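Novice: What follows is a structure written as structure tokens; I'll ask about it next.
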Amino acid sequence: MSVLLYTENWDGKFKKVSFELASYAAKLAAEMGVSISAISLGPVEEEELTKLGNYGIPVVLSASCSNYTSLDNQAIAHAVASAAQQIGATVVILAQSNLGKAIAPRLSVKLKAGMVSGVQGLPVSLNPFTVKKMVFTGKAFANISIQTAIKVITLAPNSFGVFENPVKLTIGKFDAGLSDTDFTTRIESTNKVTGKVLLTDADIVVSAGRGLKAPENWGPIEELAALLGAGIACSRPVSDEGWRSHNEHVGQTGKIISPNLYFAFGISGAIQHLGGVSASKCIVAINKDKDAPIFEAADYGIVGDVFKVLPQLIEAVKESKS
Amino acid sequence: MNFEFTEEQLMIQQAARDYAQRELIKDVLERDAKAEFPADHIRNIAGLGFMGMMVDPKYDGSGMDTISYVLAMEELSKIDASVSVIVSVNNSLVCYGLEKFGTEEQKQKYLRPLASGKKIGAFLLSEPEAGSDATSQRTLAEDKGDYYLVNGTKNWITNANSASTYILIAQTHPDKKHKGINALIVDKDTPGISLGPHEDKMGMRSSDTHSVMFTDVKIPKANRIGDDGFGFKFAMQALEAGRIGIASQALGLASGALERSIAYSKERKAFGTIIANHQSVAFKLAEMAVKVENARNLCLKAAWLKDNHLSFGIASAMAKQYAADIAMEVTTEAVQIHGGYGYVKEYHVERLMREAKLTQIYEGTSEIQKIVISRDLLK
Amino acid sequence: MKILVLIGNVPDTTTKVKFNADKTAFDANGVQWIINPWDELALTRALELKETADSCIESIVVANVGRVETESTLRKALAVGADEAIRVDADPKDAFYVASQLAQVAIGFDLIFAGIEASDYNGAAVGGMLAELLAIQSVSAVSGIQLENGSLKINREIDGGSQTLAMNLPLLAIVQKGIAKEPRIPAMRGIMMARSKKLTVATPIEVEPLTSILSFELPAPKASCKLVAEDQAKELIRLLHEEAKVL
């Protein structure tokens with residue numbers, strides 16, 4: 001019996017979500033009284049792998065083959081499944097990320113394991129193994145039990161937190177027995193978003209809606225986001241109009257995010273928008289319409305002109321930093 | 001009795017709703033302000049089949065029933081009555097009459113492009129001296145052997161500029177009074193036709209309304225609909241069908257105003273609670289809802305009679321008179337519920353109110369409908 | 001080539017979510033059902049691909065797992081242009097159950113589209129499971145797809161950017177927003193034709209679900225919003241620091 005977590009890396013580096021996953025897995029393994037291992041696929045330096053030890057991971061299996069960087073779904077699912085079989089994992093944990101969402105269902109079938117995605121925090125009960133997740137796009141939660149011997153879950157970002165818990169880490173080499181021909185995903189080009197905080201990884205998200213009136217008015221939003229180290233998001237009308245990329249659209253049909261702090265500038269807060277952000281820990285709304293539904297969902301609010309409030313907020317953040 | 005809609009009817013209702021709420025809403029305020037004809041929207045909804053909804057597919061129509069037409073008209077009118085009046089005139093005045101009474105050649109030549117929406121039609125009945133009184137037509141269509149020579153002026157013509165095909169009602173035998181009237185199919189670009197200025201209307205501002213002047217216009221005899229002197233009967237039958245369209249339009253204005261009022265009442269707060277919790281508002285909403293439901297039932301009843309080839313003239317007059325009158329009442333109450341916001345354009349209800357007024361006036365005023373209904377009661 | 005688009009039947013996105021008295025089942029009373037928004041976008045893109053000039057696509061088939069009342073959702077897909085539909089006649093029990101049923105009918109397709117998740121249970125699982133059951137390659141978070149001379153170009157989002165991929169067929173593409181601009185509105189001609197298009201009802205196979213929903217909860221009502229005056233941005237930052245402790 002053992003817990004396995006799949007730690008994704010980006011260009012050989014772990015991100016916050018990997019450490020949250022590690023913290024979560026360590027806690028879960030402790031509660032279950034079982035051992036724990038991580039699997040890392042693709043080239044990651046020893047020094048980087050060692051960081052997992054800070055969050056309670058004693059063993060990491062590392063397959064450093066560079067083929068994995070193509071994020072080939074079949075190959076990665078195969079590798080994680082073989083690692084799970086090798087260590088006799090009963091719980092396999094992945095991040096609720098683009099990659100995690102792609103791999104978990106394939107693992108579920110391979111391991112004949114029941115799967116739940118977007119799990120919020122630790123299981124509600126271990127026997128039966130029951131986890132809580134958001135359903136109806138944030139309008140409700142469901143408690144779901146997994147009946148199979150092996151369980152596959154993906155953890156909703158920011159639903160557990162990062163906790164340091166240093167242990168000695170052993171790095172083991174891992175070979176899933178794949179050959180080059182098993183990797184059929186061919187990357188022609190990659191467009192990396194650099195210098196920006198990932199929306200799904202961000203602790204703070206600064207978001208704006210149609211209240212900003214025109215795409216050229218996003219300057220202060222970008223400035224505030226840069227100051228706070230925040231990700232930038234927008235409402236659906238804004239991405240539909242082509243003012244901002246659809247990558248930034250949060251809401252029921254866009255990205256579903258759960259940062260610690262979500263700023264909504266000039267967003268009225270249609271039910272479809274709230275579906276994508278309601279899991280945020282703290283929502284701050286700035287809107288000229290005091291009856292806008294966003295204030296129903298918000299923790300803090302300013303009824304006022306976004307164009308007046310934005311520069312003041314920027315000043316206030318600068319001041320608080322100095 | 002069966003109050004259930006079919007799957008197709010619901011799909012058409014949804015299609016109309018999707019188009020209206022996704023596309024028409026985007027520029028409706030701007031088109032209202034600028035009195036701009038919605039040419040792109042008409043092309044788009046023609047592609048979806050809305051311009052010849054009830055015409056047989058063999059004439060490039062959509063082959064749907066009148067119930068679907070009521071549902072579609074209601075949805076379009078909730079957002080944009082200027083678009084829906086263009087749809088209504090083309091469907092129930094122009095296409096309906098052409099399909100029912102036109103010759104095969106006329107249908108091939110004129111109905112097909114109208115039913116597919118490639119062209120738009122207009123119905124020319126009203127005159128400066130005769131609005132709703134269709135019996136006294138001053139526009140003359142003199143019989144010149146193989147053509148009619150037309151002289152006169154038509155007023156308040158919806159689609160006058162955007163239409164390519166006119167259905168013209170004109171007098172050939174003044175001595176025979178209404179039995180001397182003919183209905184003629186007229187190509188708008190026939191020499192001798194000129195338009196008056198664009199009417200600067202209170203509502204439905206993006207539909208183009210003009211007067212149309214005829215000076216020695218030659219119309220081939222082959223373009224006459226029905227026998228000599230059939231024009232008045234033709235016009236009356238077309239208007240009976242047209243009333244279902246306008247009644248459904250009025251219904252949509254009312255139900256659109258009701259929907260906006262419900263949403264607003266649940267958001268807007270006064271005295272520490274949402275205004276929907278104030279009985280004065282809640283009761284208003286209840287009264288509005290009953291009126292809307294009554295109007296809807298009258299529209300659907302008239303449509304059902306028409307679909308079942310039963311006499312629907314009185315039912316459509318009742319639907320038109322009632323729906324138009326309650327549209328005025330309901331939109332006025334909607335403005336009241338919205339308070340100050342109701343009086344500014346951004347909240348739409350003031351526009352719905354301006355548009356509702358026209359439904360009491362055109363295609364037979366509410367008073368004319370009462371004449372039709374009472375004459376039937378007292379005959 | 002043949003394309004399969006998986007169709008989920010979900011409550012309209014504006015539905016107020018309610019549950020039965022003991023909170024064990026969704027209360028479907030008065031709910032309006034729609035095509036899962038992501039599936040609808042997938043279908044839209046499939047139709048666009050079929051309509052391109054040098055299209056080599058013979059047919060687009062849509063499939064779901066559901067009872068007879070879900071057929072109107074399938075017919076909507078037919079009305080916007082899908083060529084035929086398959087309904088596996090069963091209540092969807094969990095993602096594995098649904099994927100296993102679909103695996104029986106998803107035979108002979110070169111390209112399969114699945115939405116990245118469904119707006120009801122947000123499982124994000126059926127597409128990946130189906131790919132594994134069929135032992136075919138999958139790409140997730142697909143935001144663009146092009147077919148050029150029979151070769152497949154895929155844009156996918158990765159955490160931290162996007163990539164263009166060249167992929168072989170067969171493939172299961174798990175699509176998200178961006179794959180198509182807007183879902184199509186069915187034309188009346190399409191609505192009429194939907195009546196006569198083939199809709200096959202398939203018998204379900206015996207499969208045990210792997211998970212089960214024990215109960216539902218509604219989120220706790222939020223405390224009311226604390227308002228700060230328009231010129232008190234500083235105070236807001238202080239509150240976020242000291243009270244909410246999120247800065």
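Novice: At R0 = 51 Å, how high is the FRET efficiency between A:Val34 and B:Met1 if r is their beta carbon distance? Nearest 0.05 is fine.
Specialist: On the way: r = 66 Å, r/R0 = 1.29.
For R0 = 51 Å, the calculated efficiency reads 0.20.
Novice: Given a Förster distance of 35 angstrom, what is the FRET efficiency for B:His309 paired with C:Ile205, based on the Cβ-Cβ distance and rounded to 0.05? Don't jump to the answer; show the numbers that get you there.
Specialist: Values: r = 50 Å, r/R0 = 1.42.
Working from the Cβ atoms, E equals 0.10.
Novice: Let me ask something else. Among the lysines in the range C:42-186, how many pairs, 8 or more places apart or on different chains, have alpha carbons under 23 Å apart? Can you show the working numbers first?
Specialist: On the way: C:Lys50/C:Lys76; C:Lys50/C:Lys153; C:Lys50/C:Lys177; C:Lys50/C:Lys181; C:Lys76/C:Lys177; C:Lys76/C:Lys181; C:Lys153/C:Lys177; C:Lys153/C:Lys181.
Close lysine pairs under the 23 Å cut-off: 8.
Novice: Could you grab the relative contact order for chain A? Cα pairs under 8 Å, six or more apart, rounded to a whole percent.
Specialist: On the way: 701 pairs, mean separation 46.8, N = 322.
Computed over chain A, the figure is 15 percent.
Novice: Then there is this: Just subtract the alpha-carbon distance of A:Ala149 and A:Phe307 from 0.36 nm times their residue separation and send over the number in nm, one decimal. Don't skip to the end; give the middle numbers.
Specialist: Details: separation 158, 0.36 × 158 = 56.88 nm, distance 5.60 nm.
Taking 0.36 nm per residue and subtracting the Cα distance, the gain is 51.3 nm.
Novice: Between the range C:117-131 and the range A:280-322, how far is it from one alpha carbon centroid to the other, in angstrom?
Specialist: 35 Å
Novice: Counting only other chains, what is the mean number of Cβ atoms within 10 angstrom of the Cβ of each residue in peptide B:44-51?
Specialist: Details: counts 1, 2, 1, 4, 8, 7, 2, 0.
Partner-chain Cβ atoms within 10 Å, mean over residues of B:44-51: 3.
Novice: Counting helices only, and only those DSSP H runs with n ≥ 4, report the 222 nm mean residue ellipticity of chain B as the sum of -39,500 (n - 2.57) divided by its residues, in deg cm²/dmol to the nearest 500.
Specialist: Details: 12 runs with 181 residues, N = 379.
The helix-only estimate for chain B comes to -15500 deg cm²/dmol at 222 nm.
Novice: I've got another one for you. Under the definition of partner shielding as Cβ atoms of other protein chains within 10 Å of a residue Cβ, what is the mean value for peptide C:14-27? Write out the running numbers ahead of the final one.
Specialist: Working: counts 4, 3, 3, 6, 2, 2, 0, 0, 0, 3, 1, 0, 4, 0.
Average neighbour count from other chains, rounded to a whole number: 2.
Novice: Would you please give the FRET efficiency between C:Lys153 and A:Lys173, computed as 1/(1 + (r/R0)^6) with r the Cβ-Cβ distance and R0 = 56 Å, to the nearest 0.05? Don't skip to the answer; put the middle values down first.
Specialist: Values: r = 36 Å, r/R0 = 0.64.
Result of the calculation: an efficiency of 0.95.
Novice: Let me ask you something else. Order A:284-290, B:189-195, A:7-13 from most to least packed using the mean count of other Cβ atoms within 10 Å. If you can, show how the numbers build up before the last one.
Specialist: Numbers: A:284-290: 21.7, B:189-195: 12.9, A:7-13: 17.7.
Highest-to-lowest ranking by the protection proxy: A:284-290, A:7-13, B:189-195.
Novice: Once a ≥ b ≥ c are taken as the square roots of the eigenvalues of the Cα gyration tensor of the range A:199-321, is the result rounded (a/c under 1.5), prolate (a/b larger than b/c) or oblate (a/b not larger than b/c)? Walk me through the numbers before you get to the answer.
Specialist: Values: a/c = 1.21, a/b = 1.20, b/c = 1.02.
Rounded, because the longest to shortest axis ratio a/c is under 1.5.
Novice: Under 22 Å between C-alpha atoms is the cut-off here; go through the range B:7-115 and count lysine pairs that meet it, provided they're at least eight residues apart or on different chains. Let's see the in-between values first.
Specialist: Values: B:Lys26/B:Lys34; B:Lys26/B:Lys78; B:Lys34/B:Lys78; B:Lys58/B:Lys100; B:Lys58/B:Lys107; B:Lys58/B:Lys109; B:Lys100/B:Lys109.
Taking the range B:7-115 as the scope, the lysine pair count is 7.
Novice: Right, next: Within the range C:149-172, find all residues whose amide N lies under 11 Å from a label point positioned 7 Å from the Cα of C:Cys56 along Cα-to-beta-carbon.
Specialist: Backbone N within reach: C:149-152, C:169.
Novice: Out of the range B:213-301, which chymotrypsin sites (Phe, Trp or Tyr not before Pro) are coil in DSSP terms and have no more than 15 other C-beta atoms within 10 Å? List each step's numbers first, then the result.
Specialist: Working: sites: B:Phe214, B:Phe230, B:Phe232, B:Phe234, B:Tyr264, B:Phe271, B:Phe283; in loops: B:Phe230, B:Phe271.
For chymotrypsin sites (Phe, Trp or Tyr not before Pro) across the range B:213-301 that sit outside H, G, I, E and B with at most 15 neighbouring Cβ atoms in 10 Å, the list reads B:Phe271.
Novice: Quick one: putting +1 on the C-beta of Lys and Arg, -1 on the C-beta of Asp and Glu, what dipole do you get for the range B:238-378 around its Cα centre, in Debye to the nearest 20? Before the final figure, lay out the partial values.
Specialist: Values: 17 positive and 15 negative charges, 34 e Å.
With Lys and Arg at +1 and Asp and Glu at -1, about 160 debye.
Novice: In the range A:199-321, what is the count of Lys pairs whose alpha carbons are under 20 Å apart, counting only pairs at least 8 residues apart or on separate chains?
Specialist: Details: A:Lys213/A:Lys288; A:Lys213/A:Lys290; A:Lys213/A:Lys308; A:Lys255/A:Lys281; A:Lys288/A:Lys308; A:Lys290/A:Lys308; A:Lys308/A:Lys318.
Taking the range A:199-321 as the scope, the lysine pair count is 7.
Novice: OK, next. What distance in nm separates the simple spin-label points at A:Asp11 and C:Glu235, each placed 7 Å from Cα in the Cβ direction?
Specialist: Between A:Asp11 and C:Glu235, the simple spin-label model gives 4.4 nm.
Novice: Which entries of A:Lys15/A:Lys173; B:Lys144/B:Lys176; C:Lys222/C:Lys245; A:Lys15/C:Lys245; B:Lys144/B:Lys320; B:Lys301/C:Lys18 have Cα-Cα distances beyond 28 Å here? Before the final figure, lay out the partial values.
Specialist: Values: A:Lys15/A:Lys173 22 Å; B:Lys144/B:Lys176 18 Å; C:Lys222/C:Lys245 17 Å; A:Lys15/C:Lys245 23 Å; B:Lys144/B:Lys320 39 Å; B:Lys301/C:Lys18 35 Å.
Distance filter (> 28 Å) returns B:Lys144/B:Lys320; B:Lys301/C:Lys18.
Novice: Let me ask something else. Determine the percent antiparallel among the DSSP beta bridges restricted to the range A:1-91, to the nearest 5. Before the final figure, lay out each step's value.
Specialist: Values: 1 of 11 bridges.
Counting only bridges with both partners in the range A:1-91, antiparallel ones make up about 10 percent.
Novice: Would you work out which of A:Pro237, A:Leu212, A:Met134 lies farthest towards the positive end of the dipole of chain A? Charges go on Cβ: Lys and Arg +1, Asp and Glu -1.
Specialist: Checked the options; the winner is A:Met134.
Novice: Roughly what % of DSSP beta bridges within the protein assembly as shown run antiparallel, to the nearest 5?
Specialist: 45 percent
Novice: Next question. Count charges around A:Ile171 for me, please; just the other residues with Cβ under 12 Å from its Cβ, Lys/Arg as +1, Asp/Glu as -1. List each step's numbers first, then the result.
Specialist: Details: positive: A:Lys51, A:Lys168, A:Lys173; negative: A:Glu45, A:Glu46, A:Glu47, A:Glu48.
Neighbourhood net charge equals -1.
Novice: Comparing A:Gly219, A:Gly276, A:Gly138, which has the greatest mean-square fluctuation in the GNM of chain A with Cα pairs linked when under 10 Å apart?
Specialist: A:Gly219
Novice: What net charge is computed for the residues neighbouring C:Arg238, neighbours being all others with C-beta under 15 Å from the C-beta of C:Arg238, Lys and Arg scored +1, Asp and Glu -1? Write out the running numbers ahead of the final one.
Specialist: Details: positive: A:Lys318, A:Lys321, C:Lys226, C:Lys234, C:Lys245; negative: A:Asp299, A:Glu315, A:Glu319, C:Asp231, C:Glu235, C:Glu242, C:Glu243.
Cβ neighbours under 15 Å give a net charge of -2.
Novice: How big is the gap, in Å, between the Cα center of the range B:169-187 and the Cα center of the range B:317-339?
Specialist: 36 Å
Novice: Can I ask one more? Taking 0.36 nm per intervening residue step and subtracting the Cα-Cα distance, what contour gain separates A:Asp289 from A:Glu45 on full extension? Walk me through the intermediate numbers first.
Specialist: On the way: separation 244, 0.36 × 244 = 87.84 nm, distance 5.20 nm.
Stretched out fully, the A:Asp289 to A:Glu45 stretch lengthens by 82.6 nm.
Novice: Let me ask something additional. Using the Cα centre of the protein assembly as shown as the reference point, and only Cβ charges (+1 on K/R, -1 on D/E), how large is the resulting charge dipole? Debye, rounded to the nearest 20. Numbers along the way, then the final one.
Specialist: Details: 99 positive and 110 negative charges, 184 e Å.
Around 880 debye, computed over the protein assembly as shown.
Novice: Let me ask another. Provide B:Thr139, B:Thr331 in ascending order of the number of other Cβ atoms located within 10 Å of each residue's Cβ, fewest first. Kindly include the intermediate steps, with their values, before the conclusion.
Specialist: Working: B:Thr139 21, B:Thr331 31.
Going from least to most buried by this count: B:Thr139, B:Thr331.
Novice: Still on this structure: Ignore the peptide's own chain and count Cβ atoms of other chains within 10 Å of each Cβ in C:36-44; give me the average, rounded.
Specialist: Details: counts 1, 4, 1, 0, 1, 1, 0, 0, 0.
Mean partner shielding for this stretch: 1.
Novice: Sticking with this one: For chain A, modelled as a GNM with alpha-carbon contacts under 10 angstrom, which of A:Ala77, A:Ala149, A:Ala89 fluctuates the most?
Specialist: A:Ala149
Novice: I would also like to ask the following. Under 18 Å between alpha carbons, and skipping anything fewer than 8 positions from A:Lys168 in its own chain: which lysines qualify?
Specialist: By straight Cα distance, A:Lys168 reaches A:Lys27, A:Lys51.
Novice: Just subtract the alpha-carbon distance of C:Ser224 and C:Ala21 from 0.36 nm times their residue separation and send over the number in nm, one decimal.
Specialist: Values: separation 203, 0.36 × 203 = 73.08 nm, distance 2.70 nm.
Stretched out fully, the C:Ser224 to C:Ala21 stretch lengthens by 70.4 nm.
Novice: Under 13 Å from the Cβ of B:Pro191, count the other residues' Cβ atoms, weight Lys and Arg +1, Asp and Glu -1, and hand me the total.
Specialist: On the way: positive: B:Lys188, B:Lys218; negative: B:Asp187, B:Asp189, B:Asp216.
Value of the local net charge: -1.
Novice: Explain nothing, just the number: dipole magnitude of the range A:162-241 about its Cα centre with +1 on each Lys and Arg Cβ and -1 on each Asp and Glu Cβ, in debye rounded to the nearest 20. Mind dumping the intermediate values first?
Specialist: On the way: 8 positive and 12 negative charges, 22 e Å.
Rounded to the nearest 20 debye, it is 100 debye.
Novice: Pick from B:Glu363, B:Glu267, B:Glu199: which residue has the top mean-square fluctuation in a GNM of chain B where Cα pairs under 10 Å get a spring?
Specialist: B:Glu267
Each reported figure results from applying straightforward, stated rules to the coordinates on display, with no laboratory input. All figures in this text were calculated on a predicted structure; none of them were measured in a lab. Glycine also receives a Cβ, built like all others from the backbone with ideal geometry; neighbour counts cover every protein chain displayed.
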